[in-house]
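Participant: Have a look at the structure that comes next, please.
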Amino acid sequence: MINKFDLEKIGEEMYELIRELYPINRSITGDGVRKTLKILQKKIELKIHEVPSGTKVFDWTIPQEWNINDAYILNSKNEKIVDFQKSNLHVLQYSIPIKTRIKLDELKNHIYTLPKQPKNIPYITSFYSKNWGFCMSHNEFLKLKDDEYFVYIDSKLTDGSLTYGEYLIKGKTDEEVLISTYVCHPSLCNDNLSGPVLATILAKYLSKHDIYYSIRFLFIPETVGAITWLSINEDKIKNIAHGLVATCLGDSGISTYKKSRDGNNIIDKIVEEVLIESGEPYKILDFWPSGSDERQYCSPAFNLPIGSLMRTPYDMFNEYHTSADNLDFVRKDCLSNSFSKYLSVIHKLEKNHDNFKRKKSVLENKETSKDDPVFINLFPKCEPQLGKRSVYENIGGQKDQEQLKKKKGIQWILNFSDGKHSLRDIEKKSKLDYDLLLSMADLLNEKKLLSEI
Ligand code: ZN
């Protein structure tokens with residue numbers, strides 16, 4: 001086990017790495033990801049992969065590469081009222097280039113704010129629909145006068161590639177532990193930088209030790225990166241014996257474990273043991289089909305034994321996806337505490353490997369009835385791309401509560417329509433209204449994403 005003094009040094013090292021990576025403008029593609037991975041290469045011999053734009057990965061296509069030099073809004077007095085150089089969160093990610101004069105009324109259609117957190121700049125993306133926009137604090141937004149503005153976004157969308165990093169520590173066996181983290185958020189510390197930093201320092205630490213399992217570390221853009229890796233590495237999936245998605249590891253909240261989809265894998269038991277033995281408060285949550293890349297690893301066709309060990313989960317802290325998730329929000333002692341828990345999980349897996357038997361899920365034959373239909377997801381490998389099928393247009397464009405519920409319903413149905421969970425089972429798991437689930441199942445049926453058995 002690691003001593004207190006070494007753990008303190010690890011906390012310092014993790015925090016310093018976050019500080020170095022924080023200013024970089026990352027996205028799901030582009031030079032920010034490359035720059036980030038190059039910095040991580042100073043710690044571990046990370047292999048960098050480039051997958052060309054346009055490559056089909058399951059139901060998705062790798063988008064064009066996005067890069068940006070500068071962006072701002074000037075008022076009629078030539079004063080910069082929004083400046084990308086001050087915060088990269090000011091630009092809607094994947095904004096197309098724009099250079100035009102515009103009236104306030106029209107400008108308002110391209111501005112995103114958080115009225116409930118008026119001091120903070122939101123982090124907003126538009127990866128798959130062409131748009132441009134700026135994000136700003138609601139307080140600054142309220143100061144905008146009826147004026148003519150000059151908006152400028154010097155960005156480029158080109159056929160390039162999606163970049164990801166991979167580092168494999170060869171153990172005594174080909175059986176693998178997968179530690180997956182993402183590297184696609186701009187200046188955001190807890191969600192996102194705490195994950196890649198923990199993975200890097202853990203990889204550096206473990207690379208100096210003899211281990212039984214091979215440990216694969218992935219540094220990918222969230223969602224499309226996980227889909228890409230699974231799509232081009234289908235032959236490696238069978239080796240994955242256990243895994244964790246590393247995210248949100250530096251805040252002062254208690255440790256939270258989101259179980260794997262089946263919920264009874266060895267990784268689930270081992271993480272629980274580590275949390276109990278820590279003597280600190282913790283929370284264990286059953287799998288739910290939104291969140292981070294466990295959505296892809298635990299999609300019905302793969303159903304991998306992968307959970308997610310974090311502190312406060314993504315959308316459960318106020319600072320999430322805002323400028324308040326900054327260098328003050330993450331703490332050295334919390335980072336090192338998360339590190340020691342990950343290390344304990346690996347140690348316990350090592351001890352446990354003799355008992356290792358990969359659980360094969362057994363399909364129960366469900367009686368089907370008209371009142372309780374059972375569906376099969378026709379795109380069980382990762383998630384189907386809903387945007388290109390206009391699924392969201394069919395459930396309303398506003399981000400209101402009703403639309404969020406429908407979106408959740410769609411995620412639950414797609415993840416659990418594996419032929420062994422009926423719609424009533426999904427109702428029980430999701431705690432969503434049955435009629436809502438039924439109407440979403442009808443919609444997915446119509447879009448040829450589901451079929452009834
Ligand atoms: Zn995020």
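Participant: Assigning unit charges at the beta carbon (Lys, Arg +1; Asp, Glu -1) and nothing else, what dipole magnitude in debye, to the nearest 20, does the chain show about its Cα centre? Can you show the working numbers first?
Facilitator: Numbers: 64 positive and 64 negative charges, 78 e Å.
It works out to roughly 380 debye.
Participant: In addition: For the chain, what Kirkwood radius comes out of the mean inverse Cα-Cα distance, in Å?
Facilitator: 23.1 Å
Participant: Here's a follow-up. What does the helix-only formula give at 222 nm for the chain: each DSSP H stretch with n ≥ 4 adding -39500 (n - 2.57), the total divided by the residues, and the result rounded to the nearest 500 deg cm²/dmol?
Facilitator: Result for the chain, helices only: -9000 deg cm²/dmol.
Participant: Another question, if that's okay. Per-residue counts of other Cβ atoms within 10 Å, averaged by peptide: what ranking do you get for 203-215, 240-252, 314-326, highest first?
Facilitator: Descending packing order for the listed peptides: 240-252, 314-326, 203-215.
Participant: Just in segment 29-102: which trypsin sites (Lys or Arg not before Pro) are loop by DSSP and have at most 14 other Cβ atoms within 10 Å?
Facilitator: The qualifying sites are 42, 77, 86.
Participant: Can I ask one more? Past the 30 Å Cα-Cα mark, which pairs from 259/406; 236/431; 269/431?
Facilitator: 236/431
Participant: Hey, got the dipole for segment 134-186? About the Cα centre, +1 on K and R Cβ, -1 on D and E Cβ, debye to the nearest 20?
Facilitator: So the dipole magnitude of segment 134-186 works out to roughly 180 debye.
Participant: To the nearest 20 Debye, how big is the dipole of segment 65-158 about its Cα centre, given +1 on the beta carbon of each Lys and Arg and -1 on that of each Asp and Glu? Intermediate results must be reported in sequence, preceding the final value.
Facilitator: Working: 13 positive and 11 negative charges, 32 e Å.
For this selection, approximately 160 debye.
Participant: Quick check: at a probe of 1.4 Å, how many percent of the accessible area of the chain sits on carbon and sulfur atoms?
Facilitator: Roughly 47 percent of what the probe reaches on the chain is carbon or sulfur.
Participant: Another question, if that's okay. Cβ neighbours within 10 Å, averaged per peptide: list 157-170, 17-30 in order, most packed at the top. All intermediate terms of the calculation are to be shown ahead of the outcome.
Facilitator: Numbers: 157-170: 19.0, 17-30: 21.0.
Result, highest mean first: 17-30, 157-170.
Participant: Let me ask you something else. Could you point to the residue in 72, 11, 85 farthest towards the positive end of segment 1-120's charge dipole, with +1 and -1 charges on the Cβ of Lys/Arg and Asp/Glu respectively?
Facilitator: 72
Participant: Rank 347, 434, 111 by how far each Cα sits towards the positive end of the charge dipole of the chain (+1 on Lys, Arg Cβ; -1 on Asp, Glu Cβ) and give me just the farthest.
Facilitator: 347
Participant: Determine the percent antiparallel among the DSSP beta bridges restricted to the chain, to the nearest 5. Each step should come with its number before you reach the end.
Facilitator: Working: 42 of 65 bridges.
The answer is about 65 percent antiparallel.
Participant: Which of the peptides 48-54, 260-266, 189-195 is most tightly packed, and how do the rest follow, going by the mean number of other Cβ atoms within 10 Å of each residue? Before the final figure, lay out the partial values.
Facilitator: On the way: 48-54: 14.3, 260-266: 18.6, 189-195: 28.6.
Packing order, densest peptide first, comes out as 189-195, 260-266, 48-54.
Participant: Using the eigenvalues of the Cα gyration tensor, what equivalent ellipsoid semi-axes result for segment 18-89 when each is taken as the square root of five times the eigenvalue, whole Å, largest first?
Facilitator: Over the Cα atoms of segment 18-89, the semi-axes work out to 30, 20, 8 Å.
Participant: So if I average 1/r over every pair of distinct C-alpha atoms in segment 374-452 and take the inverse, what Kirkwood radius in Å does that give?
Facilitator: Every distinct Cα pair counted, the radius reaches 12.4 Å.
Participant: How big is segment 147-219 by Rg and Dmax over its Cα atoms, in Å?
Facilitator: Just the Cα atoms of segment 147-219 yield Rg and Dmax of 18.5, 67 Å.
Participant: Solvent-accessible area per residue for segment 374-452 at a 1.4 Å probe radius, Å²? All intermediate terms of the calculation are to be shown ahead of the outcome.
Facilitator: Details: 3950 Å² over 79 residues.
On a per-residue basis, 50 Å².
Participant: Provide the gained length on full extension for the span residue 378 to residue 48, in nm with one decimal, where the gain is 0.36 nm per separating residue minus the Cα-Cα distance.
Facilitator: 115.6 nm
Participant: Continuing with the same structure: For segment 1-148, treating each Cα as an identical point scatterer without solvent, what Debye log10 I(q)/I(0) comes out at q = 0.20 1/Å?
Facilitator: -1.24
Participant: Further question on the same structure: In square nanometres and to one decimal, what's the mean projected area of the convex hull around the Cα atoms of segment 65-158?
Facilitator: Average projection, Cα convex hull of segment 65-158: 5.7 nm².
Participant: Rounded to the nearest whole Å², what accessible area per residue is found for segment 63-150 with the 1.4 Å probe? Intermediate values should be presented prior to the final figure.
Facilitator: Working: 4840 Å² over 88 residues.
Ligands and nucleic acids excluded, the figure is 55 Å² per residue.
Participant: Here's something else I'd like to know. Could you name the lysines whose alpha carbon sits less than 22 Å from that of residue 43, not counting residues in the same chain fewer than 8 places away?
Facilitator: 4, 9, 35, 170, 204, 208, 332, 341
Participant: Another question, if that's okay. Can you give the alpha-carbon Rg of segment 177-295 over 2.2 N^0.38 Å, where N counts its residues? Let's see the in-between values first.
Facilitator: Working: Rg = 14.4 Å, N = 119, 2.2 N^0.38 = 13.5 Å.
Cα Rg divided by the expected 2.2 N^0.38 Å: 1.07.
The values are calculated or read from the model by the stated rules, or taken from the named source; none is laboratory data. Owing to the predicted nature of the structure, the values given are computational and were not obtained by experimental measurement. In this analysis, Cβ positions are derived from the backbone assuming ideal geometry, glycine residues included, and neighbour counts consider all displayed protein chains. Side chains are part of the model used for accessible areas, which takes the heavy atoms of the whole protein and leaves out ligands, DNA and RNA. Shrake-Rupley method; radii C 1.70, N 1.55, O 1.52, S 1.80 Å.
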